[in-house]
């Protein structure tokens, strides 16, 4: 495993005239790590991604992809990108889409790489199918395959599951987990907090150009108390945590009550997100 982060952003700043889109952002994505990027519109997420892919130059700070300056040839070769509103020519087949992007990326993988990528995203039986004959989920998986051309170290994915039904979202989620197991890093920009909570190793929340909260989903979950079910009914005990459960059960039993169930309650990522952004809409 490489010691160089797949993506390292340090003190990143970007100003558009009088508007400061990024105000010293620090963010790191390690090898094989899946990091979720959250925040309302105008938080700076798109600006950060555009700097990482080399479309925008920072006003200050640094952004490196696999140890090379973002936007450099080496950095671009180490990165795959899938935009939210991507479009492939409808008359192209899946194989032709990948062949086109091989030429654009300078990949020499040839037909073997295309077969491998289509198999990875479960489209090996659709290599000759035209894009306009594919479902939205199939096109989304083809988009991920396109981003993997040239074996990049990190993928930047913008809302990869937003237009999919639950089955399609699960398929993409399993694909992301497979990529992580292969050592591919992913920075996932999504408004579907439940998806990020299920699949991401860490989460960073941006607001007003700054990272206001970051950590694992478990670290961002706040204790809400313990729910006890006894022969007297259901009762919520606030201000306690998992460590208090044995004592609470012992107290109930000592008082002559029968305990039928115990549930430790924590806040969801959605609740943590809303608290962090102060109710701002996405």
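Where a number appears in this text, it was derived from the coordinates with a stated rule and is not lab data. All of these numbers come straight from a predicted model, not from anything done at the bench. Don't worry about glycine lacking a Cβ; one is built from the backbone with ideal geometry, like all the others, and counts go over all protein chains shown.
For segment 34-79, rounded, prolate or oblate, judged on the Cα gyration tensor with a ≥ b ≥ c (square roots of eigenvalues), a/c < 1.5 rounded, else prolate if a/b > b/c? It would help to have the intermediate numbers written out before the result.
Working: a/c = 2.29, a/b = 1.56, b/c = 1.47.
Prolate, because a/c is 1.5 or more and a/b exceeds b/c.
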Relative contact order (percent) for segment 1-77, with alpha-carbon contacts under 8 angstrom and 6 or more residues of separation? 36
To the nearest 10 degrees, how steeply does helix 94-105 sit against the main Cα axis of the chain, on a 0 to 90 scale? 80
Quick one: in the chain, what % of C-alpha pairs are over 23 Å apart? 60
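Rounded, prolate or oblate: which fits segment 104-179 when a ≥ b ≥ c are the square roots of the eigenvalues of the alpha-carbon gyration tensor, with rounded for a/c under 1.5 and prolate only if a/b beats b/c?
Details: a/c = 1.83, a/b = 1.29, b/c = 1.42.
Oblate, since a/c reaches 1.5 and b/c is not below a/b.
Figure the gain on full extension for residue 198 and residue 227 (residue separation times 0.36 nm, minus the Cα-Cα span) and round it to one decimal in nm. Walk me through the intermediate numbers first.
Values: separation 29, 0.36 × 29 = 10.44 nm, distance 2.34 nm.
Full extension from residue 198 to residue 227 adds 8.1 nm.
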Projected area averaged over all directions for the convex hull of the alpha carbon atoms of segment 223-266, nm², comes out at 2.6
Packing rank of 189-202, 264-277, where each peptide gets the mean count of other beta carbons within 10 Å, highest leading: 189-202, 264-277
Assuming R0 = 22 Å, can you tell me the calculated FRET efficiency for the pair residue 116 and residue 74, based on Cβ-Cβ distance, to the nearest 0.05? 0.40
What ranking do 67-76, 227-236, 114-123 get when scored by the average of other Cβ atoms within 10 Å per residue, highest first? 114-123, 67-76, 227-236
Separation of segment 152-226 and segment 36-89 by C-alpha centroid, Å? 17
Taking the inverse of the average 1/r across all pairs of different Cα atoms in segment 195-258, what Kirkwood radius in Å do you get? 14.6
Hey, can you rank 128-135, 27-34 by average C-beta count inside 10 Å, highest first? 27-34, 128-135
How far, in nm, would the chain grow between residue 26 and residue 238 when pulled straight, counting 0.36 nm per residue and subtracting the alpha carbon separation? 72.8 nm
Could you work out how far helix 136-147 tilts from the main Cα principal axis of the chain, as a 0 to 90 degree angle to the nearest 10? 70
Ellipticity estimate at 222 nm from DSSP helix runs (n ≥ 4, -39,500 (n - 2.57)) divided over the chain, nearest 500: -9500 deg cm²/dmol
Which residues in segment 209-228 place their backbone N less than 20 Å from a point set 7 Å from the Cα of residue 264 along the Cα-to-Cβ direction? 215-228
Angle check, please: helix 110-120 long axis (alpha carbons) against the longest principal axis of the chain (alpha carbons), in degrees 0 to 90, nearest 10. 20
Spin-label point model (7 Å from Cα, Cβ direction): what's the residue 159 to residue 16 distance in nm? 1.6
Say we join alpha carbon atoms closer than 10 Å with springs in a Gaussian network model of the chain; which of 54, 208, 239 then has the biggest fluctuation? 239
